[in-house]
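Each remark here refers to the structure printed beneath this line.
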């Protein structure tokens, strides 16, 4: 049983034998996440788990990975978690092909919208060109960095 989070020191007694610690095991993490998921599923009448598939599409040039889109689905939406394309392949339509295929799969499985977030130094213009609209911005990062939250109806 390996303990994680050795980088942070926190062992604090709160009261009545309750402690706050930064150390945890895989079982601790699974217990908390499992209980949160059960709560969310119960309080969304099961909708949270629909369609409940991962959409992971990779672009390869021969055997070399040159890009990918990795998405989760829940509450009849698709969330684009990871989208990356090797720089020399950008601007050639491959990114758009990835996102359109992921959206097509999501829509076929019942998703009604897509959402994601990206930073100002990443790809907000790309998502806008693919039909996404910004619904929120977080401007509190240093050096003028902005985080954009985007959505699109499918």
Checklist entry - What percent antiparallel are the DSSP beta bridges of the range 49-153, to the nearest 5? => result 90 percent
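Can you give the direction-averaged projected area of the convex hull of the alpha-carbon atoms in the range 49-153, in nm²? Before the final figure, lay out the partial values.
Working: hull surface 29.0 nm².
It is 7.3 nm².
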Checklist entry - Once you sort the root eigenvalues of the Cα gyration tensor of the range 1-117 as a ≥ b ≥ c, which label holds: rounded (a/c under 1.5), prolate (a/b larger than b/c) or oblate (the other case)? => result oblate
Checklist entry - Normalised by the number of residues in the range 49-153, what is the relative contact order in percent for Cα pairs under 8 Å and 6+ residues apart? => result 22 percent
Checklist outcome for this item: Summing -39500 (n - 2.57) over every DSSP H run of at least 4 residues in the chain and dividing by its residue count gives a helix-only mean residue ellipticity at 222 nm, to the nearest 500 deg cm²/dmol, of -8000 deg cm²/dmol
Checklist entry - Between the range 74-93 and the range 121-154, what is the C-alpha centre distance in whole Å? => result 13 Å
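Quick check on the exposure proxy: order 77, 10 from fewest to most C-beta atoms within 10 angstrom. Intermediate results must be reported in sequence, preceding the final value.
On the way: 77 19, 10 10.
Ranking 77, 10 by Cβ neighbours within 10 Å, fewest first, gives 10, 77.
Could you please rank 70, 83, 20, placing first whichever residue has the fewest other Cβ atoms within 10 Å of its Cβ? Display every interim value, and only then the final one.
Working: 70 16, 83 20, 20 9.
Fewest to most other Cβ atoms nearby, the residues stand as 20, 70, 83.
Quick note: the coordinates plus some simple rules give every number you see, no bench work behind them. Remember, predicted model here, so these are calculated numbers, not experimental data. We place every Cβ from the backbone using ideal geometry, glycine too, and count neighbours over all the protein chains shown.
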